[in-house]
Amino acid sequence: MSDTASSAPKPITSRFDPRFEPTLYAHVGVPGSHTLSYYRSHGGYEAASKALGLEPKAVVDEVKASGLRGRGGAGFPTGVKWSFMPPVDGRQRFIVCNADESEPGSFKDRYLLEDDPHQLIEGMLIAGWAIQATIGVVYVRGEYYHAYGRLAAAIDEARAAGILGRGVLGSEFDFDLILHRGAGAYICGEETALMNSFEGLRANPRLKPPFPAQAGVYGLPSTINNVESFCAAVHIVARGAAWHAAMGTDDSKGMKLYQVSGPVARPGVYEVPMGATFRELIMELAGGPSEPAKAIIPGGSSTPLLPWSDATLDLPMDYGTMAKHRSMLGTGGVIVIPERKCIVDAYYNVVRFYAHESCGKCTPCREGSATWLPKMYQKLLAGQGTHEDLALMEDMVKHMRGTAFCPLADACAMPVQASFEHFRHEYEHLVDQGESLYPRRREWAA
Amino acid sequence: MSSRQPLPTVTPFFADKQERLSEILARYPEYGRRSALMPLLWEVQRAERHVSEARVEEIAEILGLHATEVKGVMSFYGTYHEHPVGRYHLQVCRTLSCSLAGADTLADFLEDELDLVNGETDPEGRFSLQYVECLGSCGTAPVLQVNDTYFERVSRSRCRALLDAMRRDTLPEPTLERGGDNEPNAPDQEGGAA
Ligand SMILES: Cc1cc2nc3c(=O)[nH]c(=O)nc-3n(C[C@H](O)[C@H](O)[C@H](O)COP(=O)(O)O)c2cc1C
Ligand code: FES
């Protein structure tokens, strides 16, 4: 690949590249975009028809060749995951959509569900065909009630139009969706906990292996993907793998919905090619910070923060670069932390989230995330911390890494580690002076 | 039947809703009947603003489970209530992005205005206040969820207007906020209809 790179056209890594055009997010915010008639008048379900005319394996191969990596946080190659399904053996197979979006700083899936539900249905239909699953499950977090309603209406419309049900789109393939509503638990975003929750059990994660392809929903072969991953598959089938692979960097292809929150001029979701820089996203698209900033959380609150600097702003937002800087791309949910926010206070907030969401199943998480870390933060913020406490916290988070039953404990420990690495002086100031370097702010828009 | 002591005053919730019950059960494959547990809890809670012991037993019976199994699932999740919440269940997100946008002050404001603390319901059963975690509305922070509806970019004046509206039982339709790539129209002030 690299030896032909000199003659090949440069990959698209900027929103401002004239070859780039928004696809995933093109219809969000347009009145009426959630209806079937709107969707169809913009080329909707043509990709599904095209896919149904191909061999399932050809669809899997196309998605593999596109370089698409899962947009739910872990970045696992989507086509490869689809190829893990066992051979068809007469058992029911499931395609599952993870629409539990709950990682703080992430809000892209909600807009897709609310304003473009047919895009998701089409993506799941394509994936269902590719892995030969005739039932799809959409697990929507309980709070997304508006999205749930939009999706339910879209499913009804699709059934009435022969897009779901028996012999979809005039083919021999049967496919239908089950829409399922969660009830407010972050852990349900973890794929095996989600499956337990769907089955009407408490949402504790399951031991892996077996992986969902072997034993997923009801113990049957299943594949699970994020909302955005399914939507990307629609455009990959419509425009071809090469189109998708022309965007992005070596290890990160295609377009991505990045989210920006925190004090910036225009927070929100922006569709940008992979490999665009933080500068392009935060400074150019989101209008820059509205007050001096000191850190960037790149992909949801579990991803380790990066200090605000010119060097950081120039980093391409892709999987490899984030890993090289000991962080993660996660969901692409960028949070800008202002100078005047006390880092200890900010990370108490983050830890409080994971404490609240720990399912209590395993010891490192129950004792670490849910019990001792928040208590230590409370002690520090009360001005009663010692240097020994800081050492103990650092030791504790080290022991939470890779020791828990599921990655929730890591999601809590990793960002704390990074906050110590880059802002230890703020922790020390709090210990030495008994008060924060940056006192709590009581600001709220009038 | 006669050896049990059923609660004689309670008519089963689904007694006059058999069609709805069948519709919910039919969503799932026969071997996956238990999947209907959460939807049934939702169905009851939507109508009664909580799920009582009697309803737990009823759902257990429908699904062929023990009441403790139903209760075990129900208690796992933060959004099923054992006791009735008010007609306006105010849920304030205080997670990082909302906190950076003033959610802690918003929470204090609501505590003062309603004379409630986190988890309480007022004596008239009008308002409940609950702190919740990230609602996926971080780009339009701070967010206040009233029952099932999001009100976003809740400023002090907007919050006041919303409370006044709820006191008059005239909760407005929310404006759909988008932000980012979809920011043609600025939010209005009344927290209300577009
Ligand atoms: C604690 C935890 C929470 C998660 N939450 C979500 C979520 O809300 N949405 C999501 O798509 N993936 C979430 N994931 C990742 C899923 O387990 C899974 O990897 C993903 O849905 C796969 O889809 P993808 O390959 O398309 O990314 C979470 C993982 C963990 C460990
Ligand atoms: S932090 Fe409040 S909605 Fe995400």
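Scan B:LEU7, B:LEU40 and give me the residue that is modelled with pLDDT under 95 and either part of a helix (DSSP H, G or I) or open to solvent by 60 Å² or more (accessible area, probe 1.4 Å) (or both).
Every option except B:LEU7 fails the conditions.
I'd like the residue in the range B:63-88 that is away from chain A (no Cβ under 11 Å) and touching a Phe, Trp or Tyr at 6+ places or on another chain (Cβ under 6 Å) and, out of all such residues, is most open to solvent (accessible area, probe 1.4 Å).
Out of the qualifying residues, it is B:TYR88.
Among the residues that make up the range B:89-100, is at least one of them more than 16 Å from ligand 2 (Cβ to nearest atom), buried (at least 18 other Cβ atoms within 10 Å of the Cβ) and in contact (Cβ under 8 Å) with a residue 24 or more places away in the chain?
Yes, some residue in the range B:89-100 is more than 16 Å from ligand 2 (Cβ to nearest atom), buried (at least 18 other Cβ atoms within 10 Å of the Cβ) and in contact (Cβ under 8 Å) with a residue 24 or more places away in the chain.
Taking only the range B:131-170 into account, find how many residues are more than 10 Å from chain A (Cβ to nearest Cβ) and either surrounded by fewer than 18 Cβ atoms within 10 Å (Cβ to Cβ) or not in a loop (DSSP other than H, G, I, E, B) (or both).
14
Could we say that B:VAL117 is in contact with a helix residue (DSSP H, G or I) (Cβ under 7 Å, 6 or more places away or on another chain) and either more than 16 Å from ligand 1 (Cβ to nearest atom) or open to solvent by 20 Å² or more (accessible area, probe 1.4 Å) (or both) here?
Against the criterion (in contact with a helix residue (DSSP H, G or I) (Cβ under 7 Å, 6 or more places away or on another chain) and either more than 16 Å from ligand 1 (Cβ to nearest atom) or open to solvent by 20 Å² or more (accessible area, probe 1.4 Å) (or both)), B:VAL117 qualifies.
Of all residues in the range A:211-255, which are within 14 Å of chain B (Cβ to nearest Cβ), surrounded by fewer than 22 Cβ atoms within 10 Å (Cβ to Cβ) and not hydrophobic (A, V, I, L, M, F, W, C)?
Answer for the range A:211-255, where residues must be within 14 Å of chain B (Cβ to nearest Cβ), surrounded by fewer than 22 Cβ atoms within 10 Å (Cβ to Cβ) and not hydrophobic (A, V, I, L, M, F, W, C): A:TYR218, A:GLY219.
B:ALA60 fails exactly one of the following numbered conditions: (1) within 20 Å of the chain's Cα centre (by Cα); (2) outside any loop (DSSP other than H, G, I, E, B); (3) within 13 Å of chain A (Cβ to nearest Cβ). What is the number of that condition?
Of the numbered conditions (1) within 20 Å of the chain's Cα centre (by Cα); (2) outside any loop (DSSP other than H, G, I, E, B); (3) within 13 Å of chain A (Cβ to nearest Cβ), the odd one out for B:ALA60 is (1).
Being touching a residue at least 60 places away in the same chain (Cβ under 8 Å), buried (at least 23 other Cβ atoms within 10 Å of the Cβ) and in contact with a Cys (Cβ under 7 Å, 6 or more places away or on another chain): is that true of A:VAL351 here?
Yes.
Can you name every residue in the range A:61-77 that is open to solvent by 10 Å² or more (accessible area, probe 1.4 Å) and either in the same structural domain as A:GLY300 (by TED's automatic domain parsing) or out of contact with any strand residue (DSSP E or B) (no Cβ under 8 Å at 6 or more places or on another chain) (or both)?
A:ASP61, A:GLU62, A:ALA65, A:ALA74
Step by step: first the residues of the range A:256-280, then only those that are within 14 Å of chain B (Cβ to nearest Cβ) and surrounded by fewer than 24 Cβ atoms within 10 Å (Cβ to Cβ), then the one that is farthest from the chain's Cα centre (by Cα). Which residue is that?
A:ALA265
Among the numbered conditions (1) outside any helix (DSSP H, G or I); (2) in contact (Cβ under 8 Å) with a residue 60 or more places away in the chain; (3) more than 12 Å from ligand 1 (Cβ to nearest atom), tell me where A:PRO104 comes up short.
(3)
Determine the pairs where a residue that is under 14 Å from A:TRP243 (Cβ atoms), located within the range A:8-19, has a partner that is in a loop (DSSP other than H, G, I, E, B) with Cβ atoms under 8 Å apart, the partner being 6 or more residues away or on another chain.
A:PRO9/A:ALA246; A:PRO11/A:ALA246; A:PRO11/A:GLY275; A:ILE12/A:ARG19; A:ILE12/A:PHE20; A:ILE12/A:ALA246; A:ARG19/A:ALA246
For residues in the range A:90-113 being within 14 Å of chain B (Cβ to nearest Cβ) and open to solvent by 10 Å² or more (accessible area, probe 1.4 Å), which is nearest to A:HIS146 (Cα to Cα)?
A:GLU101
Here is a list of conditions, (1) open to solvent by 60 Å² or more (accessible area, probe 1.4 Å); (2) away from chain B (no Cβ under 14 Å); (3) under 20 Å from A:SER301 (Cβ atoms), and A:PHE405 meets all of them except one; can you say which number that is?
Among (1) open to solvent by 60 Å² or more (accessible area, probe 1.4 Å); (2) away from chain B (no Cβ under 14 Å); (3) under 20 Å from A:SER301 (Cβ atoms), the lone unmet condition for A:PHE405 is (3).
Which residues, counting only those in the range A:138-178, are in a helix (DSSP H, G or I), small (Gly, Ala, Ser), farther than 17 Å from A:SER33 by Cβ and within 29 Å of the chain's Cα centre (by Cα)?
none
The values are calculated or read from the model by the stated rules, or taken from the named source; none is laboratory data. Since we're looking at a predicted model, the values are computed, not measured. Don't worry about glycine lacking a Cβ; one is built from the backbone with ideal geometry, like all the others, and counts go over all protein chains shown. Quick note on the areas: whole protein, heavy atoms, side chains included, nothing else; ligands and nucleic acids left out. Shrake-Rupley method; radii C 1.70, N 1.55, O 1.52, S 1.80 Å.
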